[in-house]
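Working notes for the structure below.
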Amino acid sequence: MQPLLSVVSLSLVACAAGRRSPPLLMAPPHVGDDPLPPDQWYTQQLDHFDASETRTWQQRYQVNDSFYQPGGPVFLMIGGEGPASAVWLVSGTWIDYAQQYGALCFQLEHRFYGDSLPTEDMSVENLRYLSSEQALADLAAFSAAMTDQYALPEGTKWVSFGGSYPGSLSAWYRLKYPHMVHAAVSTSAPLLAKTNFFEYLEVVNYAIHAKSGDECYGNVELSFQAVEDLLQDAAGWATLTDKFKLCSSLDGTNSNDVSSLMQNLADLWSGVVQYNEDNFGFRGGSKLANITINTLCDIMNDAGTGSPLDRLVAINDLMMDAYEETCLDFSYDSMIAAMRDTDFSSANNTGMRQWIYQTCTEFGWYQTTESADQPFGSRLPLPFSIQQCVDVYGAQFEQTFIDAAVAATNTDYGARQLPAKRVVLVNGSIDPWHAMGIIESSDPDRPAIFINGTAHCANMYPAREEDLPGLTAARQQIGELIGKWLQED
């Protein structure tokens, strides 16, 4: 994962009120009537790095052994910032590779997400057990246990797969545990941790230009300028409240509410861009599946709809209908209250509290308007995201803390200098997350595949007739690399 925060929207930044959810890799559709593989449970260590901590918990996984040929490889799909859908065990490009190479397939859900709940709640004290390092150690322990449980022959080769944040984990698993995983496919993976991820909206800008041209971009910019003009006085606040169907009256003196509103309006675009065409259909619901960059730009370029502001209002109406919302909740306080809820069973547990904690303690990735090369105004400064860390988790989670955590992550994993072999790094030009990834490589043992015109994790989903030739070629190249690497010792 709303858009891989702003994870999400995998955009992985601090969330705004309204339609937010973490940056997820969406599950493909389940085709056919065959039952899905059942959930199974592995007894996992709570803390892999403290021998005195002996508590354990139950981690969810699924398995598909229908393609396995004795002596074949093991494929491991890595879970991320949401529930691990069993649909992935029967669908997706990796399943095509599993059939080709006779692989045994596992999917392991990420700790603290879905039904894999290591602690009784999500208090800050308990969230200290939520980190990418613990998740990687989970993968290693699970791989070792399944090797024993399935009596796999010595030398069985494991290949990891992941998209978005799990794509990062896939590359890092190969880096940190090369004796456990033979090769890795890393899709749409942000590898550079960065506090101020202003590049995200720069790529959204590029995508609008690439798909629909200068006219649409200009109208988007004019619409956000009009919103910012209306923020200057009480009459403008009332106009915005009415036009955008806000759930409560806007007070333009409340800077957090203003930024939260602007985040929601920017997300009208960033969420569609991130999952444009290739993947957006998998987000669920035919209304969302049919909304693309061209859909939004057709509205923005329609002078018959009214001013650029009126056209932005029409897009907001379209998305509210798609999400079945009667009003737009932009309240910063209500968002913070939901994220402070530590109860796993609460309706507020969308995965956002956990994911934003990871951004505050490891990654940053806060999408800001602190670049002139984007059309969304200037009301999403970095302090808006930092304040969410402080307000949700405590005063110690301020910018100095976050910057230090981000630096430590890059030191630990190598950022864009990833020193790992037999890893293929796949990105799409329309996906804003490629700005934090590796899109070029001269190393044949760590190749990069950059697919022009595709969005987030496009290569992971089932092939379609309308797929771009570059996407089809990328899938084939990945499959050939897997085959080549399986032949290597």
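Below 14 Å, Cα to Cα, which aspartates and glutamates can LYS211 reach? Residues fewer than 8 away in the same chain don't count. Of all the aspartates and glutamates, those that pass the test against LYS211 - Cα under 14 Å, at least 8 places apart if same chain - are GLU277, ASP278, ASP298, ASP431. When both segment 59-106 and segment 421-476 are represented by their alpha-carbon centers, they are found 20 Å apart.
Two-decimal Rg/Rh of segment 387-429 from alpha-carbon positions, Kirkwood Rh?
Values: Rg = 15.2 Å, Rh = 12.8 Å.
Here the Rg-to-Rh quotient is 1.19.
Out of [x] 22.1; [y] 25.1; [z] 27.6, which label holds the value of mean projected area of the Cα convex hull in nm² that was computed here? From the options [x] 22.1; [y] 25.1; [z] 27.6, the structure gives [x]. Per residue, the solvent-accessible area of segment 195-406 (1.4 Å probe, heavy atoms of protein chains only, all protein chains present) comes to 36 Å².
For segment 195-406, with all protein chains in place and a probe radius of 1.4 Å, 48% of the accessible heavy-atom surface sits on carbon or sulfur.
Here the extension length gained between ASN254 and ASN348 equals 31.4 nm, from 0.36 nm per residue of separation less the Cα-Cα distance.
The value obtained for segment 195-406, namely the Cα convex hull volume divided by the number of residues, is 127 Å³ per residue. Taking amide hydrogens as placed 1.01 Å from N in the peptide plane, the amide H of LYS194 sits under 5 Å from those of TRP365, each at least 5 positions away in sequence or on another chain. Tell me the GluC sites (Glu not before Pro) within segment 322-426 that lie in a loop according to DSSP and have at most 12 other beta-carbon atoms within 10 Å. Answer by residue number: GLU324.
Rg/Rh for segment 314-435 to two decimals, with Rh computed the Kirkwood way over all alpha-carbon pairs. If you can, show how the numbers build up before the last one.
Numbers: Rg = 17.5 Å, Rh = 17.3 Å.
Dividing the radius of gyration by the Kirkwood radius yields 1.01.
Amide H contacts of LEU468: none lie under 5 Å away among residues 5 or more positions distant or on a separate chain (H built 1.01 Å from N in the peptide plane; Pro and chain starts excluded).
Of all GluC sites (Glu not before Pro) in segment 52-138, which ones are in loop regions per DSSP and have a Cβ with at most 15 other Cβ atoms within 10 Å? Present the calculation step by step, with values, prior to reporting the outcome.
On the way: sites: GLU53, GLU81, GLU109, GLU120, GLU125, GLU133; in loops: GLU53, GLU81, GLU109, GLU120.
Answer in residue order: GLU53, GLU120.
Dipole magnitude for segment 195-406: computed about the Cα centre from +1 point charges on Lys and Arg Cβ and -1 point charges on Asp and Glu Cβ, it is near 340 debye.
Phi angles of segment 329-334 translate, via the Karplus equation with coefficients 6.51, -1.76, 1.60 and θ = phi - 60°, into HN-Hα couplings of 8, 10, 5, 4, 4, 5 Hz per residue; Gly and Pro are given as x.
Between THR156 and GLU215, the simple spin-label model (points 7 angstrom out along Cα→Cβ) gives 5.9 nm. Residue-wise HN-Hα couplings along segment 211-221, as the Karplus relation 6.51 cos²θ - 1.76 cosθ + 1.60 with θ = phi - 60° gives them from phi, are 8, 9, x, 5, 4, 5, 4, x, 6, 4, 4 Hz; Gly and Pro carry x. Across segment 176-182, computed HN-Hα scalar couplings (Karplus, 6.51 cos²θ - 1.76 cosθ + 1.60, θ = phi - 60°) run 8, 10, x, 7, 9, 10, 7 Hz from first to last residue, x flagging Gly and Pro.
The values are calculated or read from the model by the stated rules, or taken from the named source; none is laboratory data. Keep in mind the model is a prediction, meaning the values are calculated, not measured. Counting neighbours? That spans all protein chains shown, and the Cβs are built from the backbone with ideal geometry, glycine included. All accessible areas refer to the heavy atoms of the entire protein, side chains included, with ligands and DNA or RNA removed. Shrake-Rupley method; radii C 1.70, N 1.55, O 1.52, S 1.80 Å.
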